[in-house]
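Laboratory data are not the source of any read-out in this text; all were calculated from the coordinates shown. If you're wondering where the values come from, they're calculated on a predicted model, not measured in any experiment. Every residue, glycine among them, receives a Cβ derived from its backbone with ideal geometry; neighbour counts consider all protein chains shown.
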Amino acid sequence: MPTRLGHWLLPLLVGVSWATAEWGLLDWHRRSGYAILTVVLFRVFWGFFGSTTARFSDFVRRPSVVLSYARSLRERAGHALVIGHNPMGGWSVLALLTVLLVQTITGLFSVDTDGLESGPLSYLISFRSGRLLAEIHEISFNVLIGLVLLHLAAVAYYTLIRREALIPAMLNGRKSLPPDATQGLRFASPWRALVGIIIAVLVVLLIARGLRF
């Protein structure tokens with residue numbers, strides 16, 4: 001559930017961030033950025049301490065494994081179904097989280113052209129550095145859009161060509177698999193998820209205050 005909730009929250013929040021930036025609603029833009037950072041920080045926590053399929057160690061595979069999996073997609077026999085992310089999807093998740101971190105972190109230090117609107121941590125760096133990070137903030141958003149489009153194309157491919165029900169699985173958490181496929185699967189306690197949420201919220205609240213207690 002935590003992974004699926006984050007999966008649907010992030011595109012919604014990214015859309016809000018884009019809209020508020022376009023409409024000049026900078027207070028709400030900052031709030032949506034804080035919300036994105038909270039979700040991403042929790043996802044990083046969950047990637048180390050969450051359920052089996054949510055952990056980075058479960059789905060971030062060696063490049064050789066990814067290439068082998070990519071080649072298997074061309075075969076009529078197809079590829080073995082996996083419980084969580086496939087080898088290519090695992091790297092997609094990692095790329096998206098990385099770009100989202102770049103987006104949010106650069107936003108925290110960004111300074112606009114007149115210096116009136118700035119991120120909560122911009123006071124820690126020079127005006128010139130703040131402007132540079134603002135440029136990176138904008139560029140990384142374009143990179144994020146590219147990754148999202150690739151992600152959507154992959155979902156369409158698996159849904160329409162490979163006939164895998166990815167979207168229902170991300171809604172209800174259920175997936176048709178062989179009986180022995182779930183061996184070794186472990187679910188983390190909801191209390192552990194709550195700890196991760198509290199940590200992420202406290203970190204972001206501290207950042208929003210400019211690291212001032």
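Based on C-alpha pairs under 8 angstrom that are at least 6 apart in sequence, region 2-208 has a relative contact order of 24 percent.
Net charge of the neighbourhood of V204, taken over other residues with C-beta under 12 Å away and scored Lys/Arg +1, Asp/Glu -1, is +3. Pick from E135, E22, E164: which residue has the top mean-square fluctuation in a GNM of the chain where Cα pairs under 10 Å get a spring? Among E135, E22, E164, the largest GNM mean-square fluctuation belongs to E22. About its Cα centre, the dipole of region 2-208 is roughly 960 debye, where the only charges are +1 on Lys and Arg Cβ and -1 on Asp and Glu Cβ.
Helix screen, the chain: DSSP H segments with Cα axial length of 18 Å or more and mean Kyte-Doolittle hydropathy at least 0.5 are 2-22, 26-49, 87-109, 127-160, 190-208. Available extension along the chain between L25 and R71 is 11.9 nm, counting 0.36 nm per residue and deducting the alpha carbon span.
Considering only L37, L116, L150, the mean-square fluctuation computed in a Gaussian network model of the chain, springs between alpha carbons under 10 angstrom, is largest for L116. Think of it as helices only: each DSSP H run of n ≥ 4 in the chain is worth -39500 (n - 2.57), and spread over all residues that comes to -22500 deg cm²/dmol at 222 nm. Selection among V201, L124, S17 by position relative to the dipole of the chain gives V201 as farthest towards the positive end (Cβ unit charges, Cα centre). Matching the structure-derived Cα extents along the principal axes in Å against the labelled list (1) 57, 42, 33; (2) 60, 37, 30; (3) 53, 36, 33 gives the label (2). Springs between Cα atoms under 10 Å define the GNM used for the chain, and in it the highest mean-square fluctuation of L26, L108, L97 occurs at L26.
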